Amino acid sequence: MQECVARGGRMAAWRVHSYGGAAALRLDDARVPALRAPGQLLVRVHAAALNPLDLAMTEGYGVRVLNALRALSGAGGGGGGVELPLVVGRELVGVVERAGGAARLRRGQRVWAALPPHAPGCLARLALLDHRWAGPAPTSLGLEAGGALYAALTARAALRAAGVVGAAGAAPRRRPRVLLLGLGGVGHAALQLLVYEGAQVVVGCSADEQAVACAAGAAAALDRRASDYHQQQREAGPYEAVLDCAGLGGDEAAALAARGCSFRRYVTLTTPLLHATDRRGLAAGAAAAAATLAAQCAATARAAAAAGAAPLGCPPPHVRWAFFSASADDIELLRRLAERGQFSVRVERVFPWWRLPAAARRAQQGSARGKLLLDFRAEPPPAAAAAAAAAAAAAAAAPDAATAHY
């Protein structure tokens, strides 16, 4: 693999040129992005994760909100806020190839990073990103570091919304009891962060994940398919917060309260905001989403009052929504936890980078037991190399349109 990048060079990148789902992904011979700001980095990708969000974005999910953010920031697939072609991929590990003068990371440094959804992605040989979205990669993690940060930073945002975490690195002050629903990528990260914060965590997960939850520090792990699951949830409370990392959504809060489960806050990562703005436009969609949140809070409060499950001496239970946010302080905290053995990443399978379609098929099946990674260090077999060479030749004739289909 060529380790030096000439200015104006080319690279392999997985992109969509129009929204059509995973089938629209193409392996392009694309221009190497240029640094456009003093705080930017160009990172040679060693490994990157394929997440459900990436597949949703190939279908146009969240396009109205994300395009508004691209216009404000000047980001986008084509630069300058242009939406397409869209490079997918939100998290990576690699080595800095170039660094702007104001970046705190330097050339040759091994880094891990998480990119917000409106930014160009990282399923490519090289990725352009803001230095605030990256940090020194922990030496304790190998390729799995490429699937760590997007989920972990999302989990950190959920803990913050739940009121069970303070500033990064602050010493835990109390031992809140938290019900964690789901043990996927975000759920596993949330569990480790909650344990670090000193929380007593009750996890609702599948039976085959109970041992994983207990090994990560859960106080109890409940089989969500058990006939008495809801009774176990209720008896293990009351809870300071419930974290929905299972995609149940805010409506589940009222159902949980109606079953007599006592909690103060219910935080979910599954919100109707982007779907609503996609259907109705930014203003009307945002208003509809806000009305949905208000209705979820009101329904939860009514259900808790009717079931006698409202926490004594506290405001009625309510619903909060949480979203990914990148923070240099949080990234550094996660590095320190990884180095101390308090944060790890589960990986189900590593695919060579030219086999993204196979990784996408596995992601579409659901229920992955860990992250799906693409290894960009791998050398392609002759057939894939020939296809890449053909794409490069086509790029010489039509630089913006050359594409190899896989």
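Summary table below
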{"item": "Hits in the range 88-123 - residues which are closer than 22 Å to Glu379 by Cα, in a strand (DSSP E or B) and open to solvent by 10 Å² or more (accessible area, probe 1.4 Å)", "result": "Val95, Glu97, Arg110"}
{"item": "Residue count for the range 134-152, restricted to those that are outside any strand (DSSP E or B), surrounded by fewer than 24 Cβ atoms within 10 Å (Cβ to Cβ) and either among the basic types (Lys, Arg) or touching a Leu at 6+ places or on another chain (Cβ under 9 Å) (or both)", "result": "3"}
{"item": "Members of the range 105-137 found to be touching a strand residue (DSSP E or B) at 6+ places or on another chain (Cβ under 6 Å), basic (Lys, Arg) and touching a residue at least 12 places away in the same chain (Cβ under 8 Å), listed by number", "result": "Arg110, Arg125"}
{"item": "Which numbered condition Leu126 fails, given (1) surrounded by 20 or more Cβ atoms within 10 Å (Cβ to Cβ); (2) touching a helix residue (DSSP H, G or I) at 6+ places or on another chain (Cβ under 6 Å); (3) over 19 Å from Leu273 (Cβ atoms)", "result": "(2)"}
{"item": "All positions within the range 239-258 that are at pLDDT 95 or above, surrounded by fewer than 19 Cβ atoms within 10 Å (Cβ to Cβ) and not in a helix (DSSP H, G or I)", "result": "Gly249"}
{"item": "Enumeration of residues in the range 281-297 that are open to solvent by less than 40 Å² (accessible area, probe 1.4 Å) and within 15 Å of Trp321 (Cα to Cα)", "result": "Ala288, Ala289, Gln296, Cys297"}
{"item": "Residue within the range 20-29 that is assigned to a loop (DSSP other than H, G, I, E, B), buried (at least 22 other Cβ atoms within 10 Å of the Cβ) and of a type outside the set (Asp, Glu) present", "result": "yes"}
{"item": "Candidate set from the range 268-280 (those that are in contact (Cβ under 8 Å) with a residue 24 or more places away in the chain and assigned to a loop (DSSP other than H, G, I, E, B)); member that is least open to solvent (accessible area, probe 1.4 Å)", "result": "Thr271"}
{"item": "Failed criterion for Arg224 (all others in (1) surrounded by fewer than 19 Cβ atoms within 10 Å (Cβ to Cβ); (2) out of contact with any Phe, Trp or Tyr (no Cβ under 7 Å at 6 or more places or on another chain) hold)", "result": "(1)"}
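The values are calculated or read from the model by the stated rules, or taken from the named source; none is laboratory data. Just so it is clear, the structure is predicted and the values come from calculations on it, not from any experiment. Every residue, glycine among them, receives a Cβ derived from its backbone with ideal geometry; neighbour counts consider all protein chains shown. What goes into the accessible areas is simple: the full protein's heavy atoms, side chains included, and nothing from ligands, DNA or RNA. Shrake-Rupley method; radii C 1.70, N 1.55, O 1.52, S 1.80 Å.
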